[in-house]
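Below: the structure, in structure tokens.
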Amino acid sequence: MSTPKYRRVILKLSGEALAGEQGYGLDAKVLSSIASQIKEVVELGVEVAVVVGGGNIWRGISGAESGMDRATADYMGMLATVMNSLALQDALEAQGLPTRVQSAIEMRQVAEPYIRRRAIRHLEKGRVVIFGAGLGNPFFSTDTNAALRAAEIEAEMILMAKNNVDGVYNADPRYHPDAVKYESLTYLDIVNQGLAVMDSTASTLCMENEIPLIVFNLSEEGNIRRVILGEMIGTVVKGSN
């Protein structure tokens, strides 16, 4: 059996990744594929926590731009992340993986409240933990949620899975064929160059807590395992060169 490079990680999934080619809602095949890939790394002995966005259902920032109160729009986005978390939990349990959803907004009928020590204990017992509802506060992104939870549970790496993008480029490769891919970056590079990797709050949290990040393509089957085993795919982001 191959030896994993990381003991405990946070996998950051965008809501759009769960929608697949349809672009909205949930794609059962995509959920099953992600669950299968997570199972591969759990079987290697890696402790996996997941943060899921909600953009396939609702984006708070889009609601605010259309005239809705920003806090209300953001709370709706948090509820969307819980829906995605429950869908992913179902897919993981269909693969035989014990899974817990912890929500930053209390909703005991469907999820546990977020409790740091309980989350760590779940991970130690081999359960996958999904953090839903963001941070429970408006004006913060799920990127910031991933950064803060990574610091709290002492994750060694954040795996930022992108849909059909294999790393960080100096321009959007979908529209700029000559875009250059970065092999490695610092968090200051992200902030100073305005690269669309994660927002500045999340970048600062990762930088201050020395949490490295790898951006990679989720669409290629087996990439989560490759990252866990230390293969050089995607773009690595860290505090300094």
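Any read-out appearing in this document is the output of simple, stated calculations on the displayed coordinates, not a laboratory observation. On a predicted model such as this, the values are computed, not experimentally measured, just so you know. Neighbour counts are summed over all protein chains in view; Cβ atoms, including those assigned to glycine, are modelled from backbone coordinates with ideal geometry.
Take every Cα pair under 8 Å whose residues are at least 6 apart in sequence, average their separation, divide by the length of region 1-157, and the relative contact order is 28 percent.
Taking the Cα centre of the chain as reference, the dipole from Cβ charges on Lys and Arg (+1) and Asp and Glu (-1) amounts to some 700 debye. Here r is the Cβ-Cβ distance between residue 183 and residue 24 and R0 is 25 Å; the resulting FRET efficiency, rounded to 0.05, is 0.15. Mean projected area of the Cα convex hull of region 103-171, taken over all directions, amounts to 6.5 nm². Report the FRET efficiency, 1/(1 + (r/R0)^6), for residue 65 and residue 164, where r is their Cβ-Cβ distance and R0 is 22 Å, rounded to 0.05. My answer for the efficiency is 0.30. A DSSP coil position with no more than 15 other Cβ atoms inside 10 Å describes the following GluC sites (Glu not before Pro) in region 175-241: 183, 210, 220, 221, 231.
Can you check what the net charge comes to around residue 190, using other residues whose Cβ is under 12 Å from the Cβ of residue 190 (Lys, Arg +1; Asp, Glu -1)?
Local charge sum for residue 190: -2.
Scalar couplings 3J(HN,Hα) for region 173-182, obtained by applying the Karplus form with A = 6.51, B = -1.76, C = 1.60 to θ = phi - 60°, are x, 5, 10, 10, x, 8, 4, 9, 8, 8 Hz; x denotes Gly and Pro. Extension gain for residue 117-residue 193 works out to 23.7 nm (0.36 nm per residue, less the C-alpha to C-alpha distance). Here the gap between residue 16 and residue 32, fully extended at 0.36 nm per residue and compared with their Cα-Cα distance, gives a gain of 4.2 nm.
Within the shell defined by Cβ-Cβ distances under 12 Å, the residues around residue 149 carry a net charge of 0, with Lys and Arg each +1 and Asp and Glu each -1. In this simple spin-label model, placing a label point 7 Å from the Cα along the Cα-to-Cβ direction at both residue 43 and residue 176 gives a separation of 4.1 nm.
Residue exposure proxy: 169, 187, ordered by other Cβ atoms within 10 angstrom of their Cβ from fewest to most, comes out as 169, 187.
The residues neighbouring residue 26, those whose beta-carbon lies less than 14 Å from its own, together hold a net charge of -3 under the Lys/Arg +1, Asp/Glu -1 convention. At what distance in angstrom do the alpha carbon centres of region 145-165 and region 23-56 lie from each other? Centre-to-centre distance over Cα atoms comes out at 13 Å. Proximity of backbone amide H atoms, modeled 1.01 Å from N, is registered between residue 184 and 236 at under 5 Å, excluding neighbours fewer than 5 places apart on the same chain. Backbone phi angles across region 204-215, fed through the Karplus curve with coefficients 6.51, -1.76 and 1.60 (θ = phi - 60°), yield HN-Hα couplings of 5, 4, 5, 5, 5, 9, 6, 9, x, 9, 10, 9 Hz in residue order; Gly and Pro are listed as x.
Per-residue extension of 0.36 nm, minus the Cα-Cα distance of residue 94 and residue 72, leaves a gain of 4.5 nm for this segment. Rounded to the nearest whole Hz, the Karplus-based 3J(HN,Hα) values (6.51 cos²θ - 1.76 cosθ + 1.60, θ = phi - 60°) of region 163-168 follow the sequence 8, 6, 10, 9, x, 9, with x at glycine and proline.
Across q = 0.09, 0.11, 0.12, 0.13 Å⁻¹, the chain modelled as identical point scatterers on its alpha-carbon atoms has Debye log10 I(q)/I(0) values of -0.34, -0.52, -0.63, -0.75, in the order of the q list.
Can you pull the Kirkwood radius for region 126-233, inverse mean 1/r over Cα pairs, to one decimal in Å? Write down the numbers at each step before the final one.
Working: mean 1/r = 0.0670 Å⁻¹.
It is 14.9 Å.
For residue 101, nonlocal amide neighbours, meaning residues 5 or more places apart or on other chains whose placed amide H falls under 5 Å from its own, are 112, 130. Each Lys and Arg Cβ is given +1 and each Asp and Glu Cβ -1; about its Cα centre, region 108-241 then shows a dipole of about 680 debye. In this Cβ point-charge picture (+1 for Lys and Arg, -1 for Asp and Glu), region 1-86 has a dipole of about 320 debye about its Cα centre.
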